[in-house]
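Q: I'd like to ask you about the structure that follows.
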DNA sequence: TCGGCGATTAGCT
DNA sequence: GCTAATCGCCGAG
């Protein structure tokens, strides 16, 4: 399998919504403590900078948490949600443009036994990698990885040549952002049609 | 300093 | 469909 690590320019050259779409089918790879786990990205959500009411950086909000969103595209933004779940995001754009993409679901590809163990499950099922909290749990991603560039050897995104046709992609509004008013209706969620690991509503 | 709440999940009704 | 779990963030005072 010929794998190409995505170059940083991948995160710089497109609008955040196009990067979110382009990330579908790519591989999210972690190799912490010689534990190689790979998941194919099957669901993403774009958060469009200071103008997006659903974004943590809306209105230019700059805090210890959101600081990472203002870093250069191609680094990880990991934060704690509801005091329980770690959320993994990919920062995009140039420095000082707080765009980010939430990885909402992966399809396990490699290291499934390890993911299963991290999830505390006896057998593999579709809940491994389904939902943003489960993505980080399965891949062992933690807040300690916040701000890391996604070109490191133990946390990166790669292309293995997997083809995604435009007709394979479903576009909907985002999940769990009702507080964002009209912006909650924006078509910023992308997922692979009929993929069983996709979370939430399927349309 | 304090209190409400969140880009969620699992388990129960 | 409803709710507890659990804690850091952040705006109000």
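The values are calculated or read from the model by the stated rules, or taken from the named source; none is laboratory data. In this text, all values refer to a predicted model and were calculated from it rather than measured experimentally. Ideal geometry is used to build each Cβ from the backbone, glycine not excepted, and the neighbour counts take in all protein chains shown.
Q: Tell me which residues, restricted to segment A:29-44, are touching a residue at least 60 places away in the same chain (Cβ under 8 Å) and more than 20 Å from residue A:162 (Cβ to Cβ). Outline the logic, then answer.
A: Start the filter on segment A:29-44 by keeping residues that are touching a residue at least 60 places away in the same chain (Cβ under 8 Å), which leaves A:29-32, A:35-44.
Once the filter is applied, which keeps residues that are touching a residue at least 60 places away in the same chain (Cβ under 8 Å) and more than 20 Å from residue A:162 (Cβ to Cβ), segment A:29-44 yields A:32, A:35.
Q: Counting just the residues of segment A:26-56 that are buried (at least 21 other Cβ atoms within 10 Å of the Cβ) and farther than 25 Å from residue A:6 by Cα, which one comes out nearest to the chain's Cα centre (by Cα)?
A: Ranking the candidates gives A:54 first.
Q: Right, here's the next one. Restricting attention to segment A:133-143, which residues are within 8 Å of DNA strand B (Cβ to nearest atom) and surrounded by fewer than 24 Cβ atoms within 10 Å (Cβ to Cβ)?
A: Quick first cut of segment A:133-143, residues within 8 Å of DNA strand B (Cβ to nearest atom) only: A:133-135, A:137.
Across segment A:133-143, the qualifying residues are A:133, A:134, A:137.
Q: Looking at segment A:29-43, is at least one residue in contact with a strand residue (DSSP E or B) (Cβ under 6 Å, 6 or more places away or on another chain), outside any strand (DSSP E or B) and either at pLDDT below 95 or on the phi < 0 side of the Ramachandran plot (or both)?
A: Looking through segment A:29-43, none of the residues is in contact with a strand residue (DSSP E or B) (Cβ under 6 Å, 6 or more places away or on another chain), outside any strand (DSSP E or B) and either at pLDDT below 95 or on the phi < 0 side of the Ramachandran plot (or both).
Q: For segment A:50-73, enumerate the residues that are in a loop (DSSP other than H, G, I, E, B) and either within 12 Å of DNA strand B (Cβ to nearest atom) or under 23 Å from residue A:156 (Cβ atoms) (or both). Before you say what the answer is, go through the steps one by one.
A: Let us first name the residues in segment A:50-73 that are in a loop (DSSP other than H, G, I, E, B), namely A:52-57, A:61-65, A:71-73.
Answer for segment A:50-73, where residues must be in a loop (DSSP other than H, G, I, E, B) and either within 12 Å of DNA strand B (Cβ to nearest atom) or under 23 Å from residue A:156 (Cβ atoms) (or both): A:52, A:53, A:54, A:55, A:56, A:57, A:61, A:63, A:65, A:71, A:72, A:73.
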